[in-house]
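Here is the structure we will look at, set down as structure tokens.
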Amino acid sequence: MCLAAAPAMHSRRGRFSLAALRSLIAERRKQAYFRFELKRIATDNPHLIDDIGLTRKEVEAEIAKLPFWQR
């Protein structure tokens, strides 16, 4: 979660708004999908990693953020 977005997520009563919660869940799902697709590209077509501007070390770091059952 981005620290800059954290204050905007709280309402006056200190609770998270439903819209902020939905936004947070959507962002986490996008990140998970990106990591899953990055893993697929790294295994199926590793030469494409250079085309998207990432190093092998950066790709491995992102893949390591996947849950253990998806690695």
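Remarks
- If you filter segment 13-71 down to residues that are among the charged types (D, E, K, R) and not in a helix (DSSP H, G or I), you find that the one that is modelled with the highest pLDDT is Lys65.
- Taking residues in segment 34-48 that are crowded, with 17+ Cβ neighbours inside 10 Å, and partners anywhere that are of a type in the set (D, E, K, R), the pairs with Cβ atoms closer than 9 Å and at least 6 places apart or on different chains are Arg35/Glu62; Arg35/Lys65; Leu38/Glu62; Lys39/Glu62; Lys39/Arg71; Ala42/Arg56; Ala42/Glu60.
- Of the residues making up segment 46-60, those that are closer than 18 Å to Phe36 by Cβ and of a type in the set (Asp, Glu) are Glu58, Glu60.
The values are calculated or read from the model by the stated rules, or taken from the named source; none is laboratory data. All values derive from a computational prediction rather than experimental measurement. A quick note on method: Cβ atoms are made from the backbone with ideal geometry, for glycine too, and the neighbour counts reach across all protein chains shown.
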